[in-house]
1. Tell me, please, whether a residue that is surrounded by 11 or more Cβ atoms within 10 Å (Cβ to Cβ), touching an Asp or Glu at 6+ places or on another chain (Cβ under 6 Å) and assigned to a helix (DSSP H, G or I) can be found in the range 31-44.
2. Cβ-Cβ distance below 6 Å, separation of 6 or more or different chains: which pairs start in the range 120-146 with a residue that is within 14 Å of Arg45 (Cβ to Cβ) and end on one that is basic (Lys, Arg) and in a helix (DSSP H, G or I)?
3. So which pairs qualify, if the first residue must be in the range 103-116 and closer than 17 Å to Asn89 by Cα, the second must be crowded, with 16+ Cβ neighbours inside 10 Å, the Cβ gap must be under 7 Å, and the two must be at least 6 apart or on different chains?
4. Among the residues of the range 55-91, which ones are among the acidic types (Asp, Glu) and either under 19 Å from Glu117 (Cβ atoms) or surrounded by 15 or more Cβ atoms within 10 Å (Cβ to Cβ) (or both)?
5. Quick check on my filter: what residues within the range 78-135 are over 15 Å from the mean Cα position of the chain (by Cα), among the hydrophobic types (A, V, I, L, M, F, W, C) and within 19 Å of Arg48 (Cβ to Cβ)?
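Every number in this text was worked out from the coordinates using simple rules, so none of it is lab data. Since the structure is predicted, the reported quantities are computational estimates derived from the model, not experimental observations. Note that each Cβ is placed from the backbone with ideal geometry, even for glycine, and that neighbours are counted across all protein chains shown.
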Amino acid sequence: MVNFFKSTLVFLILSLTNLSMTSDFNEALDTIEIRKTAMQSLWERIKRLSPYVELKEKVDYDKDLAVTDAEEVLELLQYTKNLWHNSSNLSAKGFTNATPAVWALPKYFDKLYSTAELSANELKEAIINDEIDDTVVAMCNLGNSCGTCHANFRRLLTSQLNNEVSGWSGKYINNCE
Ligand code: HEC
């Protein structure tokens, strides 16, 4: 009887541990999904901003929308900054394209985030003030921040490379230094 009780208890503890591991795991998967979606939203805004910065007129896109996009780039950067919990370090299992370097070099990772935020803020200000040269510079810097971080902290499988949206060099507009 004691044995039965003991093994039931062990079973119960095991299943509880298992349960909490499963929910941690699911939470990590959710986080990965959320940050990928947010990164995609960043890319959408950069894509809309590029022709504006290059002065390629578009009827359905104006200064107000450009300012909003720049603001939202900043907000999305600030938002995604908090989506790198340790448990989401799952590149070995193929669940994320974030490399383990994210968790090994947190200071450098954060620094790249800050640089990107700074450029996004400068972009917003330059657009508001109609400073064309500054807008181009800020856009180049921002593109470089996305690109530098990806080069260091994001890895793609060969099979994924084929489906990848174009232009991951970090240069999203022409004439960047
Ligand atoms: C400080 C680092 C960092 C910065 C800055 C950064 N990213 Fe990312 N980005 C990542 C990492 C890491 C991943 C991989 C995330 C994953 O797979 O879980 C990623 C993934 C992506 C993806 C692919 C999402 C998917 O569906 O797999 C896109 C698109 C993207 N980033 C766009 C951008 C753009 C545009 C910018 C600049 C405005 C930017 N990112 C800035 C680190 C960064």
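1. For the range 31-44, residues surrounded by 11 or more Cβ atoms within 10 Å (Cβ to Cβ), touching an Asp or Glu at 6+ places or on another chain (Cβ under 6 Å) and assigned to a helix (DSSP H, G or I): absent.
2. none
3. If the second residue must be crowded, with 16+ Cβ neighbours inside 10 Å, the pairs left are Trp103/Asn89; Phe109/Val102; Phe109/Phe153.
4. Passing the criteria: Asp69, Glu71, Glu72, Glu75.
5. Leu123, Ala126, Ile127, Ile128, Ile132
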